[in-house]
Structures are given as C-alpha cells and as structure tokens.
Amino acid sequence: MRKSSGERMNFKKIWDDYSLWFTFGFMFLMMWAYTVPWLREGVGQAIDAVFAPLVTEFGIPFYILIVILSALTGLYSSIVQKYTIDYEKMTNSQERMKEFQAEFREAQLSQDEKKIKKLEAKKDRVMKEQLEMSQQQFKPMTYILVLSVPIFFWLLYRLAQTTTTITMPYLGTHSLSDAVIWVIPAWIFWYMICSITLSQIIRKALNIGGL
C-alpha cells in the first residue's frame, strides 16, 4: 500500500512539474492527427456511431448540430476548468500584480531609487507567481482536447456528406464549407460564434471566473 501511495504521489509531482509540456505535446499531436486523413476520418467515423442518429433519425440540420455540440463542449470545458483552476487564487494574484505595477510606476515617476530597488527585489517573486498562474490555466487543456478533438473530427467527417447552407449577418448565404473570412470556412466561423456565446452563458450560470 505504501508503494502504491508513493507511486501516486510521484505521478502527481510529475504532472504538476511537467503538465504544461504534456499539454503542448498533446496539442501538437492533435494538430498532427488533423493532417493525417485516414486517422482524422477514422476517428470521425468511430464517433459517427454515437452522433449519427442526430442526423439520420432526428434530421437535425448541420448548423443546429454545431449549436448543440458547441454547447456540449462549452459545458464540459467550463466544468473541467471549474475544478482544475483555482479562480480565487488567480484573482488574488492578478490584484497583487496590479498593485505592484501601480506601486512600481509611482516609484519611477517620483524617482524614488530606494523604493525602486526594493520593488525590483520583489519583482521576481511577482513574475514567478504570474507564470505559475499562466501554467495553471493550461492544465485543463489536455482534458478538454481529449473530448473536443473527436467531436471536431466528426463534424469534418459529416461535413463531407452535407450540402447545407447557412445565412449569417453581413456575410450572406454560404455553403458551410465556403471560406467566409480569409480562409476560415463558414462552419468553423459559426462554431466559434456559438462556442464563445454559449460558453459565456454557461460560465455565468456555473459562477466561473474569466480566464
């Protein structure tokens, strides 16, 4: 039992120390998977067994599917962030950073060399705390990507089988695969709008602080 407990502690320490690198590694892995057609389509086809009834049985239009799935991803992303990020600690850290910056600026304007030196000694500690908070914000990304990427691949898989159009303000009516802003396809732009809007509503409902 002691060995098992020690192994768990070691794993936790490894995760705490290298979680940021794990997250970046996983992000690059997902980007690579996107460039491999057979892998991307294979994942999409596997997920199709779960989500296909939404299309085949309920006949939900593709743009409504995007609304539903963006709400789903927004919900679990917010829940993961709620339980992996210490928002109270983050808010306190941001307040201390603002106070430090204001105090440092005031010392520079008044040319108080003694106070500037004192604050310079404090600067490293404040910056380290900010770095730790930034790293903490990245921790949930691995969990979120594990759930989000397969859904994204499924949308790509289904997109190849649909000719649905969508009408958006100022942009007019387009096929979901058309590029509407630079190289961004209409379906991704629509997904971004839905995801950002619904995520804000969900975060407000769950009383989750902003990142």
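The values are calculated or read from the model by the stated rules, or taken from the named source; none is laboratory data. Just so we're clear, the structure is a prediction, and the values are computed from it rather than from any experiment. We place every Cβ from the backbone using ideal geometry, glycine too, and count neighbours over all the protein chains shown.
Does E129 satisfy the criteria of being of a type outside the set (V, I, T) and in contact with a Lys or Arg (Cβ under 8 Å, 6 or more places away or on another chain)?
Taking the combined requirement at face value, the residue satisfies it.
Is one or more of the residues making up region 93-102 in a loop (DSSP other than H, G, I, E, B) and surrounded by 11 or more Cβ atoms within 10 Å (Cβ to Cβ)?
There is no residue in region 93-102 that is in a loop (DSSP other than H, G, I, E, B) and surrounded by 11 or more Cβ atoms within 10 Å (Cβ to Cβ).
Which pairs have Cβ atoms under 8 Å, sit 6 or more apart or on different chains, and link a residue in region 82-93 that is farther than 15 Å from R203 by Cα and in contact (Cβ under 8 Å) with a residue 24 or more places away in the chain to one that is among the acidic types (D, E) and surrounded by 13 or more Cβ atoms within 10 Å (Cβ to Cβ)?
S93/E129
What are the residue pairs meeting all of these: first residue in region 182-197, first residue touching a residue at least 60 places away in the same chain (Cβ under 8 Å), second residue surrounded by 19 or more Cβ atoms within 10 Å (Cβ to Cβ) and assigned to a strand (DSSP E or B), Cβ atoms under 8 Å, and 6 or more apart or on different chains?
Listed pairs, sorted by first residue: W187/I166; W190/I166.
Only one residue in K123, K118 is of a type outside the set (A, V, I, L, M), closer than 30 Å to F100 by Cα and free of Cβ contacts under 8 Å to residues at least 12 places away in the same chain. Which one?
Matching residue, one of K123, K118: K118.
Residue-by-condition table, conditions (1) among the β-branched types (V, I, T); (2) at pLDDT 85 or above:
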residue	(1), (2)
L72	no, yes
S77	no, yes
I85	yes, no
S93	no, no
E113	no, no
K118	no, no
K122	no, no
K128	no, no
Y143	no, no
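What about S19, is it modelled with pLDDT under 65 and either under 23 Å from W154 (Cα atoms) or exposed (fewer than 11 other Cβ atoms within 10 Å of the Cβ) (or both)?
The answer is no for S19.
Would you check if there is a residue in region 54-67 being surrounded by 13 or more Cβ atoms within 10 Å (Cβ to Cβ) and in contact with a strand residue (DSSP E or B) (Cβ under 7 Å, 6 or more places away or on another chain)?
Yes, there is a match, as at least one residue in region 54-67 is surrounded by 13 or more Cβ atoms within 10 Å (Cβ to Cβ) and in contact with a strand residue (DSSP E or B) (Cβ under 7 Å, 6 or more places away or on another chain).
Tell me which residues, restricted to region 55-79, are among the small types (G, A, S) and touching a Phe, Trp or Tyr at 6+ places or on another chain (Cβ under 8 Å).
S70 - this is the single residue of region 55-79 that is among the small types (G, A, S) and touching a Phe, Trp or Tyr at 6+ places or on another chain (Cβ under 8 Å).
Tell me, please, whether a residue that is under 30 Å from S78 (Cα atoms), of a type in the set (K, R), part of a helix (DSSP H, G or I) and within 25 Å of the chain's Cα centre (by Cα) can be found in region 104-127.
No, the conditions are met nowhere in region 104-127.
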